[in-house]
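Structure, as structure tokens:
Read-outs throughout are calculated quantities, based only on the coordinates presented, and are distinct from any laboratory measurement. Model, not experiment: these values are computed from the prediction. Virtual Cβ from ideal backbone geometry, glycine too; neighbours counted across all protein chains shown.
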Amino acid sequence: MRRGWIPPTEDIDIFQHKRYGIAVTLQQALRGREVRGMDGVIVPSQYLKRMVVGWGVDAAKVWVIYNALPPVEEKTGDSVGTHGRAPPSQAEARAQLGLGDGPLLLTAGRLLPWKGVDHLIAALPYVPEARLLVAGDGPMLDGLKQQAQGSGVGERVAFLGRVPRDRLVLYMKAADYVALYSGYEGLSHTLLESLRAGTPVIASDKGGNPEVVQHGVNGLLVPYVALEALVAALQEAFAPGKRAALAANTHVGMERFDFARMVEQTDAALRRFI
């Protein structure tokens, strides 16, 4: 994509098997040969393991070790639970940030074509009163601003720019949902951060997202790209009682992403070669 050899909207799963020009084909062949020569491969999701095995790598050499977040108490300056302070409620977080009431959606990440922020903006006109906060910058920033204005939702979309991590956690706490409607994710730290903050998520059904999000339990999974499905998911998300029901389950499955467990599994994997 960076070299302009394939379009920036190309689906990464299609890319694994589609035939391209000689430059791309050569890079794919070199990638596969390089990884097949490794003694072991660590990946952060079952999704990525299937991808690597698809390159001709022996499945027995590919180990899934999930990403994890450092314990909260080790993150000085974190707004959630640092130094023994109780984490703020959603209302308190909104008050600190001056966000007011009403349905609130947050998306965070580098503003690139496959992050799907344009699809969230396209869905917003069909979700009355909902506001969208966009944290991050990138090459699509100006285009997304123009899209929001042209779609008539400019007043309901706020572009926050780059947000420090501790403040981003506060935004997550303030939001009703964190949305990650992207075309590719290995294993998203953003989803883990949101769920740890107690905020349910709305995510595409791509990449490693289904390994974090249990549909209807701690969030909603949405087909990608499907604008009608995204609109329906957002409307469902803001239906009375839905947010509270999902927020009550944000802890479900989070034990798989324990930091000490990640370190232990990585240590065990490396010790196989000692």
Selection from 203, 38, 158 lying farthest towards where the dipole of the chain points positive, charges on Cβ: 38
Contact order relative to length of the stretch 138-239, as percent, for alpha carbon pairs under 8 angstrom and 6 or more apart: 19 percent
Dipole of the chain [Lys/Arg +1, Asp/Glu -1 at C-beta], most positive-end residue of 48, 62, 254: 62
Sorted largest first, extent of the chain alpha carbons per principal axis (Å): 55, 46, 30
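Run through the DSSP bridge list for the chain and note the antiparallel percent, rounded to the nearest 5. Don't skip to the end; give the middle numbers.
Values: 1 of 23 bridges.
Approximately 5 percent, going by the DSSP bridge assignments.
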R0 of 30 Å, Cβ-Cβ distance residue 229-residue 160: FRET efficiency to nearest 0.05: 0.70
Around residue 125: net Lys/Arg minus Asp/Glu count, Cβ-Cβ under 14 Å: -2
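Extension gain residue 14-residue 137, at 0.36 nm per residue separation less the Cα-Cα distance, in nm? Write out the running numbers ahead of the final one.
Working: separation 123, 0.36 × 123 = 44.28 nm, distance 2.69 nm.
So the chain would gain 41.6 nm between residue 14 and residue 137.
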Electrostatic dipole magnitude of the stretch 178-240 [Cβ: Lys, Arg +1; Asp, Glu -1; Cα centre; debye, to 20]: 100 debye
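I'd like the FRET efficiency for residue 101 and residue 34, computed as 1/(1 + (r/R0)^6) with the beta carbon distance as r and R0 of 45 Å, rounded to 0.05.
The computed FRET efficiency comes out at 0.25.
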Pairs from 49/145; 145/242; 18/115; 49/206 whose Cα-Cα separation, in the structure shown, is over 25 Å: 49/145; 145/242
Electrostatic dipole magnitude of the stretch 222-273 [Cβ: Lys, Arg +1; Asp, Glu -1; Cα centre; debye, to 20]: 100 debye
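Dipole of the chain, Cα-centred, from +1 at each Lys and Arg C-beta and -1 at each Asp and Glu C-beta, to the nearest 20 debye?
640 debye
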The stretch 109-159 and the stretch 192-227: distance between their alpha carbon centers, rounded to Å: 19 Å
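Write out the trypsin sites (Lys or Arg not before Pro) in the stretch 19-57 meeting two conditions: DSSP loop, and at most 10 other Cβ atoms within 10 Å of their Cβ.
19
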Taking the chain and dividing mean pair separation by its residue count, relative contact order in percent (alpha carbons under 8 Å, at least six apart): 18 percent
Fewest-first sequence of 121, 14 by Cβ atoms within 10 Å of each Cβ: 14, 121
Order of 5, 63 under a 10 Å beta carbon neighbour criterion, fewest first: 5, 63
For residue 181, distant residues with modelled amide H under 5 Å away: 204
Sorted by Cβ neighbour density within 10 Å, fewest at the top, the residues 69, 26, 230: 26, 69, 230
Shape of the stretch 21-163, Cα gyration tensor, a/c cut at 1.5: oblate
